[in-house]
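The values are calculated or read from the model by the stated rules, or taken from the named source; none is laboratory data. What you see is a predicted model, and the numbers here were worked out from it, not measured in a lab. Here the Cβ positions follow ideal geometry from the backbone for every residue, glycine too, while neighbour counts run over all protein chains shown. Just the protein is used for accessible areas: all its heavy atoms, side chains included, with ligands, DNA and RNA removed. Shrake-Rupley method; radii C 1.70, N 1.55, O 1.52, S 1.80 Å.
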Amino acid sequence: MDINVSTFKPLVKPVIISFLSDLGPSVLNHLIEPENGALNLEKLRDELNRYMSERMLEVTPQMIQDIMYTVVLQYLGWLIVWGCVFGGIMGAICQAIGLTPSYENWA
């Protein structure tokens, strides 16, 4: 049960495109130091924090719920099915070899 990249692509692609279109001009104009052409990492970190704070204000609880529903529901169903199958197999094996719990001391 591998995670399929094609499941995440439609969800992540718009965010990445928006991120790059918003951050691209800022990187060129503000984050590269003119004297040596190097990228100022502290300015980059501040810019990323500012951008992520703005984006978090745009995300609604309903959007998060929809994303979680579409991504997790598919795998959660299979987790329940396989958990029941393996639990049943382990229970049958334990019953067959006589490894059953003793509840007489619990009363």
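Structure values in brief
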quantity	calculated
Those residues of the stretch 93-104 which are open to solvent by less than 60 Å² (accessible area, probe 1.4 Å) and either closer than 16 Å to residue 11 by Cβ or not in a loop (DSSP other than H, G, I, E, B) (or both), in sequence order	94
Residue count for the stretch 63-83, restricted to those that are of a type outside the set (A, V, I, L, M) and open to solvent by less than 100 Å² (accessible area, probe 1.4 Å)	6
Residue 70 vs. criteria at pLDDT below 85 and touching a helix residue (DSSP H, G or I) at 6+ places or on another chain (Cβ under 7 Å)	no
Residue in the stretch 37-46 that is exposed (fewer than 11 other Cβ atoms within 10 Å of the Cβ), in a helix (DSSP H, G or I) and modelled with pLDDT of 70 or more present	yes
Scan of the stretch 50-62 for residues that are open to solvent by less than 90 Å² (accessible area, probe 1.4 Å), part of a helix (DSSP H, G or I) and either of a type in the set (S, T, N, Q) or modelled with pLDDT of 85 or more (or both), ordered by number	53
Matching residues in the stretch 64-80 - criterion: being within 17 Å of residue 14 (Cα to Cα) and in contact (Cβ under 8 Å) with a residue 24 or more places away in the chain	67, 70, 71
Residue in the stretch 45-63 that is closer than 16 Å to residue 11 by Cβ and among the aromatic types (Phe, Trp, Tyr) present	no
